[in-house]
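What follows is a single structure, written as structure tokens, with notes after it.
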Amino acid sequence: MSVKLEDLKLEYNNVCQKYIDIFCKKQEVEFDGWVNNEVGGIGLFNDFYLNFSDVKLDVDNEIEKGLIFKWYDDNGENIEHYINYYSYTKGLRCSDIKDY
């Protein structure tokens, strides 16, 4: 069975859009588009730039509403102690990182 590249792209775009729709409804935000029109890359949600992988993680794991924005703000205030969203969902906080 041969899959046409255009069909694959369309399917990928549709799946990404479904994730975006679920995320926006859950978080009560608007999706303003993809940075550089790169579907599945970095999306703009109101004033927040989020990687699609973090949006997918949030949706797939039914993370509590608003935690992703707390993580975003926490990292913005502590750029020297950046942590990824997955670690944040498991309880790690920027304040837990110590300088050595």
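The values are calculated or read from the model by the stated rules, or taken from the named source; none is laboratory data. Because the structure is predicted, anything quoted here is derived from the model rather than measured. Neighbour counts run over all protein chains shown; Cβ positions are idealised from the backbone, glycine included.
Considering the range 27-100, the qualifying helices (runs of 4 or more DSSP H), each wholly inside and each with 3 or more residues that are over 16 Å from Q17 (Cα atoms) and at pLDDT below 95, run over 67-77. Report yes if some residue within the range 7-19 is crowded, with 17+ Cβ neighbours inside 10 Å, part of a helix (DSSP H, G or I), out of contact with any strand residue (DSSP E or B) (no Cβ under 8 Å at 6 or more places or on another chain) and not charged (D, E, K, R); otherwise report no. Checked the range 7-19: at least one residue is crowded, with 17+ Cβ neighbours inside 10 Å, part of a helix (DSSP H, G or I), out of contact with any strand residue (DSSP E or B) (no Cβ under 8 Å at 6 or more places or on another chain) and not charged (D, E, K, R).
Among Y49, Y72, which is the only one that is exposed (fewer than 14 other Cβ atoms within 10 Å of the Cβ), touching a strand residue (DSSP E or B) at 6+ places or on another chain (Cβ under 9 Å) and at negative phi? Full working, then the answer.
Numbers: Y72 fails: exposed (fewer than 14 other Cβ atoms within 10 Å of the Cβ).
Being exposed (fewer than 14 other Cβ atoms within 10 Å of the Cβ), touching a strand residue (DSSP E or B) at 6+ places or on another chain (Cβ under 9 Å) and at negative phi holds for just one of Y49, Y72, which is Y49.
Report yes if some residue within the range 63-85 is farther than 27 Å from K98 by Cβ and polar (S, T, N, Q); otherwise report no. Within the range 63-85 (the criterion being farther than 27 Å from K98 by Cβ and polar (S, T, N, Q)), the answer is no, since none of the residues qualifies.
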